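Participant: Shown below is the structure under consideration.
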Amino acid sequence: MNRKKIIQILSEIATILELKGENPFKIRAYQNGARALEAMEDFEDRVSGQTLTEIPGLGEALSEKIITLYTTGHLEFYSKLRKSVKPGLLEMLEIPGLGGKKIKAINDALKVGTIEELLQACQENKVAEIKGFGQKSQDNILAGIHNRERYNARHLWWSARHVALPILAGLRDLPEVELADVAGSFRRRMETVGDLDFIAASPSPENVMKWFVSMESVREVTAQGATKSSIRLKGGMQADLRVVPREQFYYTLHHFTGSKDHNVQMRQRALSRGLSLSEWGFSLVDGNLASKALPETLAGENQLFEILGLDQIPPELREGRGEIEAAEQGTLPDLIKQEDLKGVFHCHTVASDGVDRVEDLLAAADERGWEYVGITDHSKASFQANGLDEARLLAQVEQIRKINDEGNYRSHAFAGIECDLLPDGTLDLGEEALSALDFIIASIHSSFSQTEEEMTKRVIRALEHPLVTMIGHLSGRLLLRREPYALNIEKIVDAAAANGKIIEINANPMRMDMDWRHWRKASEKGVLGSVNPDAHDAQHFDFCETGIHVARKGWLTAKDVLNTRSLEDVKTFFASH
Ligand code: DGT
Ligand code: CA
Ligand code: CA
Ligand code: ZN
């Protein structure tokens, strides 16, 4: 288990002890332990050298627990502690602003043991009356409960992926399964996923069902039938499995891939051709003399579209936003693919808040066969991220040029910055330093609560700045956690087009920003995108996968994205912009 996770567990132990009203010294020991681990720079050396106890605040007992967690990933004490508290109380810890002490106080005063009971108590104004609480904390708790409900129902695509792919592989491995896939929003590459929809073709559904409901990761079976079951997994995500005969597979896969809007339009199109389309297949509408012979079994989903006179529509485009018309006219875009990327921009290094050096990022890019990496650390206004001032930036530029000259890596490093876009729309660093760079990303990291007018003006001012190349994570949203700030996207897209500026496709699975819903129009207006991993670690290059989802859902082709271009073409682009 890694250090971050261990810190989390120590803090959680402290919180649960608080919730139970345990000895304050014991509680503080775990809090101090978590803090000590956070500050520790040589954690792994200390674990392997057994020198954790030298750190003030880490006694024998605590050090032992840390080593157990590190080496085995489990801690009996922690599991028992969790089990000793009512699950409803542990769930209350997920409400923002509610810690162990407060939950204990509420529970002592009102005997509420679940979130539902807490909600009711708030609605009856009982929480406000508890000593030390008041109206404001009650309102905060209420808001926290509502956010939790809204957010907990969905999961990031990236988290869903880690749940879905092993299950899919397991299904495909079963000897009685002929075909299997994940349908639904997961297959359409939506940024968040409600539940997973597995579809399998098999002549013996019972065995497949039995396997599905008894997987190690199942927490609860919510419905079990001969051909359809629903489960809730340990991480909280829900999943359905439908098992159908091979002949039905592609019809069922198509139906449950959705979206609903796409399905409605597909059925209308079928009807206009005398066919009725359902999850089971096509049938002839009464009295229709359609001469077309329907194949008994589809060889692939593409045949379903073919029968309706359509080009094959990639799942990402099935949102009922004109894809059927385009498929009819043969004008579906040739969507960008992950393999089209020839490099990435927006990478942080150890100079600000990244964990890798420029060299490490180049080595990782080499491994992927990329031609370039754009280095962009934070600028000085992001002091919490150790942002660079002019002097440090210029030193980094020099360092980058030197690394390129030495030629130890096949890929080229571009010198850039993720420059804070200050509340008034000016840039955080002086023009002299900025002029030394190959490119500049301007990003908002402060004053999120400006009005739509102020915020839009702020971004447009950056787009009009001659040195700015692109705008970073435009809306500032954090999926399932923070709403986007107020912005007039249309005006911003127009300004980007007018000034020849790029809008970033921030590929961090929590951002996926600018939203795919704006991209088709933006690219039609001539705005170029760039799939940027916002990497704080070379491993974050993997995020490009979700960036590509945004681009594909936004109807983008390789031509619409800067980092599909070769090194020479990017150099030319930067030189002329
Ligand atoms: P989610 O799970 O909320 O992220 O979104 P989806 O799209 O996966 O929705 P889900 O799981 O409720 O259903 C999967 C697909 O099945 C959905 O995209 C379209 C299809 N479907 C489900 N119910 C209906 C329906 O009542 N009418 C139509 N036309 N399609 C439906
Ligand atoms: Ca679903
Ligand atoms: Ca479903
Ligand atoms: Zn940023």
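Participant: Within segment 443-459, does at least one residue satisfy the condition of being in the same structural domain as GLY500 (by TED's automatic domain parsing) and in contact with a Cys (Cβ under 9 Å, 6 or more places away or on another chain)? So that I can check it myself, show each step before the final result.
Facilitator: Residues of segment 443-459 in the same structural domain as GLY500 (by TED's automatic domain parsing): 443-459.
Keeping just the survivors that are in contact with a Cys (Cβ under 9 Å, 6 or more places away or on another chain) gives 443.
Yes, because at least one residue in segment 443-459 is in the same structural domain as GLY500 (by TED's automatic domain parsing) and in contact with a Cys (Cβ under 9 Å, 6 or more places away or on another chain).
Participant: Does SER523 satisfy being open to solvent by less than 10 Å² (accessible area, probe 1.4 Å) and of a type in the set (S, T, N, Q)?
Facilitator: No: the conditions fail for SER523.
Participant: Further, regarding this structure: For segment 490-529, what are the residues that are of a type in the set (A, V, I, L, M) and either in a loop (DSSP other than H, G, I, E, B) or within 16 Å of ligand 2 (Cβ to nearest atom) (or both)? Steps first, please.
Facilitator: Residues of segment 490-529 of a type in the set (A, V, I, L, M): 492-493, 495-498, 502-503, 505, 507, 510, 512, 514, 522, 527-528.
Answer for segment 490-529, where residues must be of a type in the set (A, V, I, L, M) and either in a loop (DSSP other than H, G, I, E, B) or within 16 Å of ligand 2 (Cβ to nearest atom) (or both): ALA507, MET510, MET512, MET514, VAL527.
Participant: Which members of segment 340-360 meet the condition of being open to solvent by 50 Å² or more (accessible area, probe 1.4 Å) and within 21 Å of ILE502 (Cα to Cα)?
Facilitator: LYS342
Participant: Please go through segment 510-520 and pick out each residue that is over 16 Å from ASP560 (Cβ atoms) and open to solvent by less than 10 Å² (accessible area, probe 1.4 Å).
Facilitator: The answer is MET512, ASP513.
Participant: Return the only residue of LEU93, LEU110, LEU119, LEU75 being touching a residue at least 60 places away in the same chain (Cβ under 8 Å) and more than 21 Å from MET1 (Cα to Cα).
Facilitator: Going through LEU93, LEU110, LEU119, LEU75 in turn, just one is touching a residue at least 60 places away in the same chain (Cβ under 8 Å) and more than 21 Å from MET1 (Cα to Cα): LEU93.
Participant: Within segment 234-242, identify whether any single residue is among the charged types (D, E, K, R), in a helix (DSSP H, G or I), loosely packed, with under 15 Cβ neighbours inside 10 Å and away from ligand 2 (no atom under 14 Å from the Cβ), and answer yes or no.
Facilitator: Applying the first criterion (among the charged types (D, E, K, R)) to segment 234-242 yields 234, 240, 242.
Retained after the next criterion (residues that are in a helix (DSSP H, G or I)): none.
No: segment 234-242 contains no residue that is among the charged types (D, E, K, R), in a helix (DSSP H, G or I), loosely packed, with under 15 Cβ neighbours inside 10 Å and away from ligand 2 (no atom under 14 Å from the Cβ).
Participant: Cβ-Cβ under 7 Å, sequence separation 6+ or interchain: first residue in segment 35-64 and within 16 Å of SER11 (Cα to Cα), partner surrounded by 14 or more Cβ atoms within 10 Å (Cβ to Cβ) and of a type in the set (Phe, Trp, Tyr). Which pairs?
Facilitator: LEU37/PHE43
Participant: Also, quick follow-up: Which condition breaks for ASP261 when tested against (1) under 29 Å from the mean Cα position of the chain (by Cα); (2) charged (D, E, K, R); (3) more than 14 Å from ligand 1 (Cβ to nearest atom); (4) assigned to a helix (DSSP H, G or I)?
Facilitator: (3)
Participant: Would you point out which residue out of SER202, SER272 is buried (at least 19 other Cβ atoms within 10 Å of the Cβ), over 32 Å from the mean Cα position of the chain (by Cα) and hydroxyl-bearing (Ser, Thr, Tyr)?
Facilitator: On inspection, the qualifying residue turns out to be SER202.
Participant: Looking at segment 474-500 only, could you name the residues that are in contact (Cβ under 8 Å) with a residue 60 or more places away in the chain and either more than 24 Å from GLY194 (Cα to Cα) or surrounded by fewer than 19 Cβ atoms within 10 Å (Cβ to Cβ) (or both)?
Facilitator: Within segment 474-500, LEU480, ARG481, GLY500 qualify.
The values are calculated or read from the model by the stated rules, or taken from the named source; none is laboratory data. Being a predicted model, the structure only gives us computed values, none of them experimental. We place every Cβ from the backbone using ideal geometry, glycine too, and count neighbours over all the protein chains shown. Heavy atoms of the whole protein, side chains included, go into the accessibility calculation; ligands, DNA and RNA do not. Shrake-Rupley method; radii C 1.70, N 1.55, O 1.52, S 1.80 Å.
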